[in-house]
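To keep things clear, I will list the structure first and then write my remarks on it.
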Amino acid sequence: MGRSLLIAIIAGTAFQTLRKPFVGAMAYYCLAIWGPQYIWFWNFEGLRVSFITALSAMAALVVTSFSRGVNVSLLKNRVVFCVFLIWVSYVISYLFAPYVEAMGATPWRILIQQSKIILFFYISILLVDDLDKQRYFSYIMIAALIHLTFWANDQYLSQNWRAFNMGRLMGPDAPNAVSIYKDENKFAMFFVTGVPFLFYWGLHLAKHYLRYLAWLFVPFVWHAVFLTGSRGGLVGLAATVFAGVFFSRQKLKFTMILIPVFLLAFYFQAGNLLKNRTDTIVDYGGESSAEARLQSWDAAIGMMNAHPFTGVGPECFIKAMADFSPFQPRATHSTPLQFAAEIGVLSLCAYCWIIWQVLWNGLQNHRLLNQYGAVFKESEMPTLRYLNESGTVSFFGLAVCSLFLSLNYYEIFYFLLIINGFTTYHVRRKIMGSVKN
């Protein structure tokens, strides 16, 4: 029954993609962010769902280009160019970095994987090209958040301890596939980046009872993060809470309510594992504490200095660390430093510029929406505020955590860039149009 339903959904999605091309972009990011192929994996066996979805989206883009055209202006911004520079860095590193040959097929696999991610980032920018499409596109995160929050809490309540690794909840993972959520830190980051969408969606709902119903779900999301035992996830949650208060027009009210509620939730829900791990966030003594990260970061800086233009090679950090550090080789645990060490300084500069540009755009959009609110239709304002506030706060949490987590292949990063890029484009275009008139 489940497999038949899945086949029907695939066929329906492919047909709808040709009629409404943005559906293809939504389907791609559903697979990338929600990951139903890892939850109901037995229904997906033998079906090339990702390939069919990708092919449908590319066909829809071609059809759209010849029928009504595409808005290439959406690609003309610094963030999109910096993403291209990151891809160029991968190509240069694969061709010229010193440790590529020693890693066999792994660097090639990483290059192909990253090329696909960036290709569909560009395709999605062109397909999700108006405000209503962006709103529906953002609902992917809310739907995935609600379901995976239920899934995470259900593993705990049903005492499915096989889903836990040394007391830390892992995300859903198929037996014959590699899920990005198998790593507890990355699973925690999904909830960190998803909860602002749920919060701001509720904030801009017209009916108060729906708003409070959405907000009632937020503590369950926090509990899902606590179950992962991720210190990075905890820091990310704190960052989104404080950023959410900053964006609020009622700062005192939200400061008096949201922050105490978060602290109470941590005190009563976090459990001994996360509380004990939290005590070591700034503890620099011991192999199992922050000292391990400092050792990796020191090695990363050494690799960057030795190979500034090529890095050591895609996914070659652990292999190279033995030559740059006397300590046990381990993951970088820092997105910027992993970019710099593995694929060169150009990617580090591009990544840092993206972080700055997205957060600056979010702040500027917030100011412009307040200053030029009369320019926009009344029906537009709730959606624009929801997209800008949720996207910016979510990205801030991701950016903070990327300093000490390896999130280089995290597709939520590109999902948030799509939302921020369109919101910025739409706000500026509307204001510039009104000024000319």
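The values are calculated or read from the model by the stated rules, or taken from the named source; none is laboratory data. All figures in this text were calculated on a predicted structure; none of them were measured in a lab. Cβ coordinates were reconstructed from backbone atoms using ideal geometry, including for glycine residues, and neighbour counts include every protein chain displayed. These accessible areas exclude ligands, DNA and RNA; they are computed on the full protein's heavy atoms, side chains included. Shrake-Rupley method; radii C 1.70, N 1.55, O 1.52, S 1.80 Å.
Here are some notes:
- Cα gyration tensor category, rounded, prolate or oblate, for the chain with a/c compared to 1.5: rounded
- Helices in the chain, meaning DSSP H runs of at least 4 residues, each add -39500 (n - 2.57). Divided by all residues, the mean residue ellipticity at 222 nm is -24000 deg cm²/dmol.
- Mean separation of Cα contacts under 8 Å, 6 or more apart, over the residue count of the chain: relative contact order %: 20
- Computed about its Cα centre, the charge dipole of segment 1-103 is approximately 460 debye, with only Lys, Arg, Asp and Glu carrying charge at their Cβ.
- Of the trypsin sites (Lys or Arg not before Pro) found in segment 25-114, those in coil by DSSP whose Cβ has at most 14 other Cβ atoms within 10 Å are Arg48, Arg68, Lys76.
- Segment 346-437: GluC sites (Glu not before Pro) in DSSP coil with no more than 13 other Cβ atoms inside 10 Å: Glu378
- Between Phe15 and Leu363, the simple label model (points 7 Å from Cα in the Cβ direction) yields a spacing of 5.0 nm.
- Within the accessible area of segment 107-204, the carbon and sulfur atoms contribute 59%, probe 1.4 Å, all protein chains present.
- The residues of the chain have, on average, 46 Å² of accessible surface per residue, using a 1.4 Å probe with all protein chains present.
- For Leu169, the residues whose amide H sits under 5 Å from its own are Thr228, Gly229, ignoring neighbours fewer than 5 places away on the same chain, with H placed 1.01 Å from N.
- Trypsin sites (Lys or Arg not before Pro) restricted to segment 330-416 and DSSP loop, no more than 14 other C-beta within 10 Å: Lys377
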